[in-house]
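The values are calculated or read from the model by the stated rules, or taken from the named source; none is laboratory data. Nothing here was measured: the structure is a model prediction, and the numbers come from that model. All Cβ positions, glycine included, derive from the backbone under ideal geometry; neighbour counts span all protein chains shown. Ligands, DNA and RNA are excluded from the accessible area calculation, which covers all protein heavy atoms including side chains. Shrake-Rupley method; radii C 1.70, N 1.55, O 1.52, S 1.80 Å.
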Amino acid sequence: MWGGRFETGPAEIMEEINASIDFDKRLAAQDIRGSLAHAAMLAETGILSREDVGAISDGLKSILAEIEAGTFTFSRALEDIHMNVESRLREIVGPTAGRLHTARSRNDQVATDMRLWVRDTADALDLQLAGLQQALAEKAQAFAGAVMPGFTHLQSAQPVTFGHHCLAYVEMLARDRGRLRDARARLNECPLGAAALAGTSFPIDRAMTAKALGFDRPTANSLDSVSDRDFALETLSAAAICAVHLSRLAEEITLWMTPQFAFIKLSDAFTTGSSIMPQKRNPDAAELVRGKTGRVLGALQGLLVVMKGLPLTYSKDMQEDKEGVFDALQTLSLCIAAMTGMVRDLEPDTKAMKKWAGAGFSTATDLADWLVRVLNLPFRDAHHVTGRLVGAAAKRGVGLEKLTLAEMQEAEPRITQEIFDVLGVEKSVKSRTSYGGTAPANVKRQAKRWLGQLAKEAAARG
């Protein structure tokens, strides 16, 4: 490729470390889209003849068809996807193929390809996350009143509902989608035309290529255009946070599947057995989602390290942006798909959840609130009285609702029989009517709101 300057070919190990075609061939569709837009602009501005551009465009479309059909032969000697496509184009249309690279460099070419790929993938991830939200919101609607323990420090805290728990993840995923969309909005500028680093002397129309490729505008600084990988870092950051959310849900599914919790059941579709213990049903899909999160986090850290010491503009180090980005976003896509399947598949055991919802004196806050509301005690005093009653119940080995009125009145003489009306777990969740609270009526409204919003989004997409 470099015959004009180099007299011999690269060493075998140089070819091995330098070649990127094994992984950047994934950019083939984006590379050809960019080349078609560039060629059309070169014709429109008169830089190339329409005859040459017609031949080039037909050749590029033929190459794309070969790649999609699996008949294209990729060569490691040609280093990357750009040179593989150009070489094949020369075989199809002859020397005219060399005109395609007028007014561009591999530096702005790969930056454009990567932005296109990341943008396409962010859109696909957003759609997948909407599907997971849908599954969770449907589960929330179906189990809006199913009482379960709510935890802090993984200790019983207050009763909540399973539907409310599902909606917590719907909210998290909404923020994940927002971060992906924010990253997409910032990356939607076109580097094509920045050339190697300084721009070009040819009278190109960068706005034309930007529009043709669906970008909002061309990038404004040629140096930044070819050296920027913020778009990949920001998308990886959004992906990493999303993966952490999926991992947290996976951890809960794993806990809930244990006999000690027994809150949910997963079918054979999302569990595996043991080679030695015939009784086992392992939540391997959830465990793998939890484990694969490390790959996504690692990709973000890896690219940050690559970029941290690079001067402007392009350095070959930046070739290391691709494998991590490809792997991380593909991994996240797989995890979202697996989680969506598990959420749709799982069946809550409402009896088991209700049984444990009252454990650990989980209605103690309801008792304290009653003391404030009915007896007008300052909350700190009510907290102290309730703590004494919890201590008394613990000594007897019973729940708060099993204490007698006389025992209650030893801690606070003004307590009446009405106190027992707030100690049931179902009454507890029903009373949590503040906006965002766990009351079943709240959960139903929120689930309905989310399902309606998701339906509108789907209708808008057509």
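Residue 332 fulfils the conditions (1) assigned to a loop (DSSP other than H, G, I, E, B); (2) modelled with pLDDT of 95 or more; (3) among the aliphatic types (A, V, I, L, M) except for a single criterion, (1).
For segment 271-327, enumerate the residues that are of a type in the set (Asp, Glu) and under 13 Å from residue 228 (Cα atoms). Scanning segment 271-327 gives 317, 321. Of the residues making up segment 160-192, just one is within 30 Å of residue 353 (Cβ to Cβ), open to solvent by 10 Å² or more (accessible area, probe 1.4 Å) and not in a helix (DSSP H, G or I), namely 160. Tell me, please, whether a residue that is open to solvent by 10 Å² or more (accessible area, probe 1.4 Å), at pLDDT 95 or above and not in a helix (DSSP H, G or I) can be found in segment 228-246. Yes, the conditions are met somewhere in segment 228-246. Consider residue 292 carefully, then state whether it is among the basic types (Lys, Arg), touching a Leu at 6+ places or on another chain (Cβ under 9 Å) and open to solvent by 70 Å² or more (accessible area, probe 1.4 Å). In short, no.
Considering segment 68-109, and only residues there that are open to solvent by 10 Å² or more (accessible area, probe 1.4 Å), touching a Leu at 6+ places or on another chain (Cβ under 8 Å) and assigned to a helix (DSSP H, G or I), the residue that is farthest from residue 323 (Cα to Cα) turns out to be 99. Out of the residues in segment 202-218 that are out of contact with any helix residue (DSSP H, G or I) (no Cβ under 6 Å at 6 or more places or on another chain) and in a helix (DSSP H, G or I), which is surrounded by the fewest Cβ atoms within 10 Å (Cβ to Cβ)? Checking each candidate, the answer is 207.
When the residues of segment 247-260 are filtered to those that are assigned to a helix (DSSP H, G or I) and either on the phi > 0 side of the Ramachandran plot or β-branched (Val, Ile, Thr) (or both), the one that is surrounded by the fewest Cβ atoms within 10 Å (Cβ to Cβ) is 254.
Per the conditions (1) of a type outside the set (Val, Ile, Thr); (2) open to solvent by less than 40 Å² (accessible area, probe 1.4 Å); (3) within 29 Å of residue 321 (Cβ to Cβ); (4) in contact with a Ser or Thr (Cβ under 9 Å, 6 or more places away or on another chain), the sole criterion not satisfied by residue 198 is (2). Taking first residues from segment 389-401 that are over 20 Å from residue 416 (Cα atoms) and partners that are surrounded by 16 or more Cβ atoms within 10 Å (Cβ to Cβ), the Cβ contacts under 8 Å between residues at least 6 apart in sequence or on separate chains come to 394/361; 396/403.
Here 413, 378 are screened, and the one residue that is more than 17 Å from residue 164 (Cβ to Cβ), in contact with a helix residue (DSSP H, G or I) (Cβ under 9 Å, 6 or more places away or on another chain) and without any contact (Cβ under 8 Å) to a residue 12 or more places away in the chain is 378.
I'd like to check which helices (runs of 4 or more DSSP H) are fully inside segment 346-406 and have at least 3 residues that are closer than 30 Å to residue 265 by Cα. Counting at least 3 such residues, we get 350-357.
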